Amino acid sequence: EAGVAQSPRYKIIEKRQSVAFWCNPISGHATLYWYQQILGQGPKLLIQFQNNGVVDDSQLPKDRFSAERLKGVDSTLKIQPAKLEDSAVYLCASSFPTRTPLHFGNGTRLTVT
Amino acid sequence: SQQGEEDPQALSIQEGENATMNCSYKTSINNLQWYRQNSGRGLVHLILIRSNEREKHSGRLRVTLDTSKKSSSLLITASRAADTASYFCATQSGGGADGLTFGKGTHLIIQP
């Protein structure tokens, strides 16, 4: 089966600019997650979708981050405006059904200068 | 916030030796999972152990879980150079949210 697809692979922006990441989960996976992984740390959950509804966004900085999953398939994560501390790898993962292992994409490495 | 804490943070061993990594967590769990991450890549699931299980094997991997101590260990036997990676434990709670909570990871280096 095809894996979780993410793009772009790398992104460099200046602070206060905006950026968007795209994720296409494994076909049929109802649950989609966005994680933030800062260098040297483990991934931190930003938001979890079940189909196109939000299950958990308690750790999403909503003043600057937004995410959507239209039609319950692919998803976009946006940051506006970006801060230096947003430099990280943004990982998308999917699973079906919930509580089974997650399948991760290779991530988007964001550098904010 | 991060629930799991891996120990050690870094481990370097010779090829063929066994590698043991430990994970401690704070709250009750439904299951605990171990993932591997090669440099610049996403995470790959290795093994899942449920809260009512004490030990699980998969190939050269052996995972134990002690819910009374809120701890788990991952043993990789007969290590290979290809095992060089970061290893993370992650917990899923028994509550409503199903997102994984990851630890900071153990960076394992296998010396050829």
Inset, instruction - For the protein assembly as shown, build the charge dipole from Cβ charges (+1 Lys, Arg; -1 Asp, Glu) around the Cα centre, then report which of B:8, A:12, B:99 sits farthest towards its positive end. - result: A:12
Inset, instruction - Note down the nm distance, to one decimal, between modelled labels 7 Å out along Cα→Cβ at residue A:113 and at residue B:20. - result: 4.7
Legend entry - Accessible-area value, residue B:26, 1.4 Å probe, nucleic acids and ligands omitted, Å²: 140
Inset, instruction - For the stretch A:7-107, report the accessible area per residue in Å² (1.4 Å probe, heavy atoms, rounded to an integer). - result: 48
Legend entry - Shielding by partners, peptide B:34-42 (average Cβ within 10 angstrom, other chains): 4
Legend entry - Cα→Cβ-extended label distance, 7 Å offset, between residue A:10 and residue B:50, nm: 4.4
Inset, instruction - Would you please report the Å³ per residue occupied by the convex hull of the alpha carbon atoms in the protein assembly as shown? - result: 120
Legend entry - Neighbouring partner chain Cβ atoms per residue of B:43-51, average, 10 Å criterion: 3
Legend entry - Nearest-10 value in Å² for the accessible area of residue A:113, using the 1.4 Å probe: 80
Inset, instruction - Calculate what fraction, in whole %, of the accessible area of chain A sits on carbon and sulfur atoms when a 1.4 Å probe is rolled over the protein chains. - result: 51
Legend entry - In the A-B interface, the accessible area buried, summed over both sides, Å² (probe 1.4 Å): 1800
Inset, instruction - Subtract the Cα-Cα distance of residue A:22 and residue A:76 from 0.36 nm times their separation in residues, and report this length gain in nm to one decimal. - result: 19.0 nm
Legend entry - Projected-area mean, chain A, by convex hull of Cα positions, square nanometres: 6.6
Inset, instruction - List the relative contact order of chain A as a percent without decimals, with contacts defined as Cα pairs under 8 Å and 6+ residues apart. - result: 37
Legend entry - Label-to-label distance, nm, for residues given as residue A:41 and residue A:64 (7 Å Cα→Cβ offset): 1.3
Inset, instruction - Provide A:64, B:54, B:62 ordered by accessible surface of protein heavy atoms (probe 1.4 Å), highest first. - result: B:54, B:62, A:64
Inset, instruction - Give the relative contact order (percent, whole number) for chain B; include only Cα pairs under 8 Å separated by 6+ residues. - result: 39
Legend entry - Net charge dipole size for the protein assembly as shown [Lys, Arg +1 and Asp, Glu -1 on Cβ; Debye, nearest 20]: 260
Legend entry - Taking the C-alpha atoms of chain B, convex hull volume expressed per residue in Å³: 94
Inset, instruction - Using a 1.4 angstrom probe, figure out how much accessible area chain B has per residue, in square angstrom, rounded to the nearest whole. - result: 46
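The values are calculated or read from the model by the stated rules, or taken from the named source; none is laboratory data. Treat the numbers as computed from the prediction; the structure is a model and nothing was measured. Cβ sites come from the backbone with ideal geometry, for glycine too, and all protein chains shown count toward neighbours. Just the protein is used for accessible areas: all its heavy atoms, side chains included, with ligands, DNA and RNA removed. Shrake-Rupley method; radii C 1.70, N 1.55, O 1.52, S 1.80 Å.
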